[in-house]
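The values are calculated or read from the model by the stated rules, or taken from the named source; none is laboratory data. As the structure is a computational prediction, the values presented were derived from the model and not from experiment. Neighbour counts are summed over all protein chains in view; Cβ atoms, including those assigned to glycine, are modelled from backbone coordinates with ideal geometry. Note: accessible area is taken over every heavy atom of the protein model, side chains too, but ligands, DNA and RNA are not part of it. Shrake-Rupley method; radii C 1.70, N 1.55, O 1.52, S 1.80 Å.
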Amino acid sequence: MIDYFYYHWGPYLFRTQPKKYIIDRLKVDGKKSKKSYNDSLAGHLKTQLAYSKETQQWFNNEMIPTLSAYRKGHCEYHGLENFEVEYDLIDMWINYMKPGDFNPIHAHGGDLSFVLFLDVPKELDEEIFSFEGTSSEPGCLTFQFANQARPQWATTKIHVVPKTGDLYIFPALLEHTVAPFKSDVIRISVSGNFQIKNRHTFPELYF
């Protein structure tokens, strides 16, 4: 037996599932959204719509326990003191992803970003299963940190197969991309960004 310790490197990526009533309301309020958010986003999607201020404030309040859980995990991962942090949602939009749509590699503004998958049609699972190739599978979300490592002496990419209800939270500077799919379906997701309100209280604090 050999005693050992290993170090956590790279960003902290968090996955959870919010309660169903949150997903249901975001679907309903998303249908009411009329303001295109395309000119503020990197995505090659025709339909990206900003949520109302009312919905954003409601979601901000609902996310407080989840953001606290993220913060706790982040501090444990990096060996940091868990100062109490307050967040403000600075923007949030709904994405209706259709065949051929995609997101090129990009990062976000603010401090923390998220993506919540409201509806992932089962046809995409079938398309992923039949995919042949070495790149990211159809419709998959890929997080990219640093350069590729071949042979794999470091993990620099994580491929995520989206499932309905999955919520991912990650540092806003973490680059990511979304591959296109061919199935004749619409996948619905919500994205947004939070900033730290009380950053001035802890000058050494970032996330």
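Need the failing condition index for Cys75 against (1) in contact with an Asp or Glu (Cβ under 8 Å, 6 or more places away or on another chain); (2) open to solvent by 30 Å² or more (accessible area, probe 1.4 Å); (3) at pLDDT below 95, just the number.
Unmet for Cys75, out of (1) in contact with an Asp or Glu (Cβ under 8 Å, 6 or more places away or on another chain); (2) open to solvent by 30 Å² or more (accessible area, probe 1.4 Å); (3) at pLDDT below 95: (2).
For the stretch 98-198, which fully contained strands (runs of 3 or more DSSP E) count at least 3 residues that are open to solvent by 70 Å² or more (accessible area, probe 1.4 Å)?
Output list reads 157-160.
Yes/no per residue for (1) open to solvent by 30 Å² or more (accessible area, probe 1.4 Å); (2) in contact (Cβ under 8 Å) with a residue 60 or more places away in the chain; (3) in a loop (DSSP other than H, G, I, E, B):
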{"position": "Asp3", "(1), (2), (3)": "yes, no, yes"}
{"position": "His8", "(1), (2), (3)": "yes, yes, yes"}
{"position": "Lys31", "(1), (2), (3)": "yes, no, no"}
{"position": "Thr55", "(1), (2), (3)": "no, no, no"}
{"position": "Pro65", "(1), (2), (3)": "yes, no, no"}
{"position": "Tyr70", "(1), (2), (3)": "no, yes, no"}
{"position": "Asn82", "(1), (2), (3)": "yes, no, yes"}
{"position": "Asp91", "(1), (2), (3)": "no, yes, no"}
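Got a number for residues in the stretch 112-143 being without any contact (Cβ under 8 Å) to a residue 40 or more places away in the chain and among the β-branched types (Val, Ile, Thr)?
Result for the stretch 112-143: 3.
Restricted to the stretch 145-160, and to residues that are touching a Ser or Thr at 6+ places or on another chain (Cβ under 7 Å) and not hydrophobic (A, V, I, L, M, F, W, C), which residue is nearest to Met97 (Cα to Cα)?
In this case the residue turns out to be His159.
Would you say Asp24 is surrounded by 11 or more Cβ atoms within 10 Å (Cβ to Cβ) and assigned to a strand (DSSP E or B)?
It is false that Asp24 is surrounded by 11 or more Cβ atoms within 10 Å (Cβ to Cβ) and assigned to a strand (DSSP E or B).
Residue pairs, Cβ under 8 Å, 6 or more apart or interchain, first in the stretch 17-28 and over 13 Å from Val190 (Cα atoms), second open to solvent by 70 Å² or more (accessible area, probe 1.4 Å) and assigned to a loop (DSSP other than H, G, I, E, B). List them.
Close Cβ pairs (under 8 Å, with a partner that is open to solvent by 70 Å² or more (accessible area, probe 1.4 Å) and assigned to a loop (DSSP other than H, G, I, E, B)) do not exist here.
Restricted to the stretch 33-53, and to residues that are in a helix (DSSP H, G or I) and under 16 Å from Val190 (Cβ atoms), which residue is most open to solvent (accessible area, probe 1.4 Å)?
Lys53
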